[in-house]
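Asker: There's a structure below that I have some questions on.
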Amino acid sequence: MILVDSSVWIDYFNGKTTAAVERLDQLLGSEQLAIGDLILTEVLQGFADEREFSAARAVLTHFSVVELGGREIAIQAAKNFRALRRMGITIRGTIDTLIATRCIEGGHELLYDDRDFDPFVKHLGLRVAV
């Protein structure tokens with residue numbers, strides 16, 4: 001399963017052309033995609049227009065929704081954050097740490113366009129959807 005990060009969905013809905021959005025276009029309909037519950041929130045809260053919100057909600061809830069948190073993931077995310085910090089790397093967002101950890105622990109690939117995930121790939125085994 002491939003989890004798609006908000007960094008990709010936001011660009012997708014804004015009509016931006018990026019490598020990650022192009023990859024998403026390739027994956028739509030051909031791979032099992034998922035969205036995290038917190039990612040769903042991040043993307044949907046950005047829509048001011050009710051019609052656009054409803055259309056995006058219909059698209060996004062078509063995919064499997066993965067719970068990103070929970071006790072064990074929260075503890076492991078803290079461990080991962082601390083491990084990276086000991087290497088001199090500070091991740092800017094707690095949600096990104098939860099997303100990366102959930103993917104690592106669940107064996108999911110992540111499609112993203114956010115440099116905060118790169119240390120998880122390099123040092124902690126996060127798999128990238130390429």
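The values are calculated or read from the model by the stated rules, or taken from the named source; none is laboratory data. In this text, all values refer to a predicted model and were calculated from it rather than measured experimentally. Note that we place each Cβ from the backbone using ideal geometry, even for glycine, and neighbour counts take in every protein chain shown. Side chains included, ligands, DNA and RNA excluded: accessible areas come from the protein's heavy atoms. Shrake-Rupley method; radii C 1.70, N 1.55, O 1.52, S 1.80 Å.
Asker: What FRET efficiency would be calculated for the residue pair Glu105, Thr41, taking the C-beta separation as r and a Förster radius of 25 Å, to the nearest 0.05?
Answerer: It comes to 0.75.
Asker: Pop out the carbon and sulfur fraction of the accessible area of the chain as a percent, whole number, probe 1.4 Å.
Answerer: Answer for the chain: carbon and sulfur cover 48 percent of the accessible area.
Asker: Report the label-to-label distance for Asp11 and Phe53 in nanometres (one decimal), using points 7 Å from each Cα along the Cα→Cβ vector.
Answerer: It works out to 2.7 nm between the two label points.
Asker: Whole number in Å², please: accessible area per residue of the chain, 1.4 Å probe, ligands, DNA and RNA not counted.
Answerer: Result: 55 Å² per residue.
Asker: So, one more: Taking Cα pairs under 8 Å and at least six residues apart, what relative contact order does the chain come out at, in percent?
Answerer: Worked out over the chain, it gives 31 percent.
Asker: How much net charge surrounds Asp114 when only the other residues with a Cβ under 10 Å from the Cβ of Asp114 are counted, with Lys and Arg +1 and Asp and Glu -1?
Answerer: -3
Asker: What does the charge count near Thr18 come to, summing +1 for each Lys or Arg and -1 for each Asp or Glu among other residues with Cβ under 15 Å from its Cβ?
Answerer: So the surrounding residues net to -3.
Asker: Here's a follow-up. I want to make sure I understand the PRE zone here: with the label point 7 angstrom from the Cα of Met1 toward its beta carbon, which residues in the range 16-43 have backbone N atoms less than 11 Å away?
Answerer: 32-37
Asker: Charges at C-beta only: +1 for Lys and Arg, -1 for Asp and Glu. How large is the resulting dipole of the chain about its Cα centre, in Debye rounded to 20?
Answerer: The dipole magnitude comes to about 640 debye.
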